[in-house]
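Below you'll find the structure, written out as C-alpha cells, and then a few comments.
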Amino acid sequence: MLKGLIRFGVIWAISMFVTPYLNRWLMQLASRAPKNSFLEDTLRELSDQYSATIIRSFGETLGDLVLGSKKQ
C-alpha cells in the first residue's frame with residue numbers, strides 16, 4: 001500500500017512539474033518547423049494531447065526502477 005502511494009506521488013509530481021516544460025518545448029519546435037508541414041502538425045499534436053501520457057509513462061518507468069515492479 002505504501003509503495004503504491006509513493007509511486008502515485010512520484011508519477012503525479014513528475015507529471016505536474018515536467019509536462020508544462022515539455023509542452024512549451026514541443027510548441028517551440030513546431031513554430032520552427034516549416035508551415036503546414038507534417039512535422040509541424042505532428043509536433044503540435046504531441047504537445048496538445050500526448051505530452052502528459054509521455055510524462056506519465058516516464059514516471060511509471062522511473063517508479064518501477066526505484067521501487068520495484070508493480071507485479072508482486
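The values are calculated or read from the model by the stated rules, or taken from the named source; none is laboratory data. These figures come from a predicted structure and were not determined experimentally. Please note: Cβ atoms are built from the backbone with ideal geometry, for glycine as well, and neighbour counts cover all protein chains shown.
For the range 29-72, enumerate the residues that are modelled with pLDDT of 75 or more, hydroxyl-bearing (Ser, Thr, Tyr) and closer than 13 Å to Ile14 by Cβ.
Thr53, Ser57, Thr61
Tally time: how many residues in the range 4-55 are closer than 19 Å to Gly68 by Cβ, of a type outside the set (A, V, I, L, M, F, W, C) and exposed (fewer than 13 other Cβ atoms within 10 Å of the Cβ)? Show your work before the answer.
Within the range 4-55, the first condition is being closer than 19 Å to Gly68 by Cβ, and the residues that meet it are 4-14.
Those left that are additionally of a type outside the set (A, V, I, L, M, F, W, C): 4, 7, 9.
Then drop every residue that is not exposed (fewer than 13 other Cβ atoms within 10 Å of the Cβ), which leaves 4, 9.
Number satisfying all stated conditions: 2.
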